[in-house]
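Below: one structure, written as structure tokens.
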Amino acid sequence: MDYNTSELCNLYADSVDVLEPMLSNYGGISSFGGSVVTIKCFESNGIISEVVEQDGSGKVLVIDGGGSSRRALIDSYIAETAAKNNWEGIICYGSVRDVDALEDIEIGIQALVSIPVGADDTDVGEVDVAINFAGVTILPEDHIYADNTGVILSADPLDIE
């Protein structure tokens with residue numbers, strides 16, 4: 001489904017938070033949204049690999065990677081696995097790699113930057129916890145919407161019909 005974050009901000013100005021503009025699109029889909037599943041981890045993506053194995057229908061994985069630009073939390077394997085399991089998208093306060101391959105995968109991906117160095121594959125991190133980056137606090141089961149213009153957050157699903 002296509003989302004227009006500018007229009008959603010016009011319609012729901014009093015009920016949405018806007019993430020600070022720091023993320024770029026890397027996936028094959030530029031507009032995505034859904035219910036939030038959170039992960040907090042740092043330079044280790046083992047827990048991310050486990051979560052994307054689950055059914056992600058209607059969900060967006062939001063990762064607080066501490067803003068690290070030293071190791072990529074998202075690679076083509078994680079993105080392909082997430083797409084295969086119907087995740088709507090991934091928002092990563094951290095880095096990605098395999099950028100050319102990510103463009104060909106049918107999933108929305110937004111992240112800070114790209115770097116060729118991969119993350120450790122240990123299971124260090126927490127799932128379904130409150131996270132904070134880009135000037136907002138993101139809670140599990142919040143709703144997040146992203147497009148080329150930006151990313152917005154809402155406690156409730158937004159009616160876009």
Discussion item. Can you tally the net charge around Lys40? Count Lys and Arg as +1, Asp and Glu as -1, for every other residue whose Cβ sits under 11 Å from the Cβ of Lys40.
Written reply: -3
Practice prompt. Normalise the Debye intensity by I(0) for region 106-153, one equal point scatterer per Cα, no solvent, then take log10 at q = 0.19, 0.23, 0.32 Å⁻¹ and round to two decimals.
Written response: -0.95, -1.19, -1.20
Fill in: Computed [θ] at 222 nm, deg cm²/dmol, the chain (DSSP H ≥ 4; -39,500 (n - 2.57); rounded to nearest 500)
-4000 deg cm²/dmol
Practice prompt. Using a 1.4 angstrom probe, figure out how much accessible area region 62-161 has per residue, in square angstrom, rounded to the nearest whole.
Written response: 45 Å²
Worksheet item: Expressed as a fraction of 2.2 N^0.38 Å, the rule-of-thumb size for a compact globular protein of N residues, what is the C-alpha radius of gyration of the chain?
Response: 0.93
Worksheet, complete the sentence: Karplus ³J(HN,Hα) for region 12-25 (6.51 cos²θ - 1.76 cosθ + 1.60, θ = phi - 60°; Hz, whole; x = Gly/Pro) runs 10, 3, 8, 10, 10, 10, 10, 5, 4, x, 9, 9, 10, 7
Practice prompt. Using a 10 angstrom cutoff on alpha carbons, build the Gaussian network for the chain and name the most mobile of Lys59, Lys40, Lys84.
Written response: Lys84
Practice prompt. List, largest first, the extents of the alpha carbons of region 10-55 along their principal axes, each in whole Å.
Written response: 38, 22, 20
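The values are calculated or read from the model by the stated rules, or taken from the named source; none is laboratory data. As the structure is a prediction and not an experimental result, all values here were calculated from the model. Note that each Cβ is placed from the backbone with ideal geometry, even for glycine, and that neighbours are counted across all protein chains shown. Protein only, heavy atoms only, side chains kept; ligands, DNA and RNA dropped before computing areas. Shrake-Rupley method; radii C 1.70, N 1.55, O 1.52, S 1.80 Å.
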